[in-house]
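Presented below is the structure to which this report refers.
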Amino acid sequence: MPVPVPRQRVPAADSGQAQTVSPGGGPSTVWAPPAGTTVEKDSRDTAFDAGSPLTLLLIEDDPGGSPIVPELLDSSGEPIRIRTARNLTEAARLLTDDVHCILLDLALPAPGRSADADDELAVLKQVLELAPRHAVLALTASGDAERGARAVREGAQDYLFRDELDGRLLNRAIRYAVERKRSDIAERRLAEGRLRAQENRRLQRGLLPTPLLDGSTLRFAARYRPGRSRALLGGDFYDAVRTPDGTVHAMIGDVCGHGPDEAALGVELRIAWRALTLAGLCGDELLTTLEQVLEHERSDEEIFATLCTVDIAPDGRRAGLCLAGHPSPLVIAPDGSARLLPYDDNGPALGLLSGARWPRMQVELGEQWSLMLYTDGLIEGRVGENGERLGQDGMVELVGRQHARGLRGEDLLRETVSEVRRLNGGELTDDVAVVLLDREP
């Protein structure tokens, strides 16, 4: 269904299904986020421009009042701002967003613990919990490199010897620590973004249907292309099942819009359709129940869905057709000629009119045929210099031409969708779903 075109678009990946059923049958340093991954900027990040003044929070217990940090100058010759905290309580009060780095004396006892306690890095661990987004430099006694190394393994960005500090060394160490912390945060967010993207893709793939056609000689193929950028699932949905009496039921539908909420509603309707079909409902009774599901699950009263259902008789020569505001299916004969099935009794979309009815039409298919169900994303693409819609007539001609080239099944659907995109001059703005059922002697 037509929706506003986003200002920026990234080509969405399409997915396809093809099935023939017979009887019985280590840390990365790449900083460009992958497709589907976003790395958000946190206002609390410890970042600074190359020439900006630095703010240092010194946490050390010096009863004599003798500073252990020499006078520091930034790159412009201005003094580096230094705040001093004698304990973690003071540090928590002074730790504001403009602090770039924490210089922690490891000799400082942790609150409630003596200096010779078993865990000599207890104070560092508490500082890391207090300031997870700030760079931390550990100060230790000369010759105690092992303690400094343990501090780095625990989470500090670097360590320095207390009695070897000078302005140049400390200035460089602070900037290095801040940049390393920024890199660590960016890498962690990138890894988390990748994991979220992978989980989302697995979830969306799992929501695409697996047709239940065991025992049927019909061949099934489907093509799905969401209009939403970097998505695998949109507001279009489809399914196909075979009931114990040998009837093959297929459906395709379209929830208005193509965001994540519409995708979720489409999945709910598809699952409900399958359950109701396997329970023996068909035609108007099934669509009436589906409308109740839609009205209960939708987030807005203006949301509606179109639907097309077909039930193909066990002999494969005829079918029942119900249309709820949806485009009529396309039938391709053995000679390649294509035609639309009747749509005179097309009922309203689900969720639009209370008390609506959807008559079931009986249609003849013949001995050999290909039946294509589709959503309007396939026919609303632009063609020609005047920007006219492809429309159903254009689609009939296009599919017939592809069929005459000998394309069948998944190949036919893939080339049809690709041709529609080429005629449109780029990506389609709406979701596209196409289902193809073939019967051969």
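Just one of the numbered conditions (1) in contact with a strand residue (DSSP E or B) (Cβ under 8 Å, 6 or more places away or on another chain); (2) over 26 Å from residue 256 (Cβ atoms) is not true of residue 305: (2). Taken over segment 240-260, the criterion of being modelled with pLDDT of 95 or more and on the phi > 0 side of the Ramachandran plot is satisfied by 246 alone. For segment 404-441, the set of residues classified as closer than 30 Å to residue 314 by Cβ and buried (at least 22 other Cβ atoms within 10 Å of the Cβ) consists of 412, 413, 416, 433, 434, 435, 436, 437, listed by residue number. The set of residues in segment 136-155 being surrounded by fewer than 20 Cβ atoms within 10 Å (Cβ to Cβ) and under 39 Å from the mean Cα position of the chain (by Cα) consists of 152, 153, 154, 155.
Residue under question is residue 124, and the condition is that it be at pLDDT below 90, buried (at least 18 other Cβ atoms within 10 Å of the Cβ) and of a type in the set (A, V, I, L, M, F, W, C); does it hold? Full working, then the answer.
Numbers: at pLDDT below 90: no; buried (at least 18 other Cβ atoms within 10 Å of the Cβ): yes; of a type in the set (A, V, I, L, M, F, W, C): yes.
When the stated conditions are applied, residue 124 does not pass them.
Residue under question is residue 291, and the condition is that it be crowded, with 24+ Cβ neighbours inside 10 Å and acidic (Asp, Glu); does it hold? Considered against the rule, which asks whether it is crowded, with 24+ Cβ neighbours inside 10 Å and acidic (Asp, Glu), residue 291 comes out as yes.
Per-residue answers, yes or no, for (1) in contact with a helix residue (DSSP H, G or I) (Cβ under 6 Å, 6 or more places away or on another chain); (2) outside the structural domain of residue 432 (by TED's automatic domain parsing); (3) more than 22 Å from residue 376 (Cβ to Cβ):
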residue: 235; (1), (2), (3): yes, no, no
residue: 246; (1), (2), (3): no, no, yes
residue: 252; (1), (2), (3): no, no, no
residue: 255; (1), (2), (3): yes, no, no
residue: 259; (1), (2), (3): no, no, no
residue: 266; (1), (2), (3): no, no, no
residue: 271; (1), (2), (3): no, no, yes
residue: 275; (1), (2), (3): no, no, yes
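Taking the stated definitions as given, is residue 397 touching a strand residue (DSSP E or B) at 6+ places or on another chain (Cβ under 9 Å), exposed (fewer than 15 other Cβ atoms within 10 Å of the Cβ) and farther than 30 Å from residue 281 by Cβ? Here the answer is yes, as residue 397 does meet what is asked. With the requirement that a residue be at pLDDT 75 or above and within 18 Å of residue 259 (Cβ to Cβ), what does segment 197-219 give you? If the condition is that a residue be at pLDDT 75 or above and within 18 Å of residue 259 (Cβ to Cβ), then 208 is the only one that fits. Against the numbered list (1) under 16 Å from residue 356 (Cβ atoms); (2) under 27 Å from the mean Cα position of the chain (by Cα), residue 325 comes up short only at (2).
The values are calculated or read from the model by the stated rules, or taken from the named source; none is laboratory data. As the structure is a prediction and not an experimental result, all values here were calculated from the model. Neighbour counts are summed over all protein chains in view; Cβ atoms, including those assigned to glycine, are modelled from backbone coordinates with ideal geometry.
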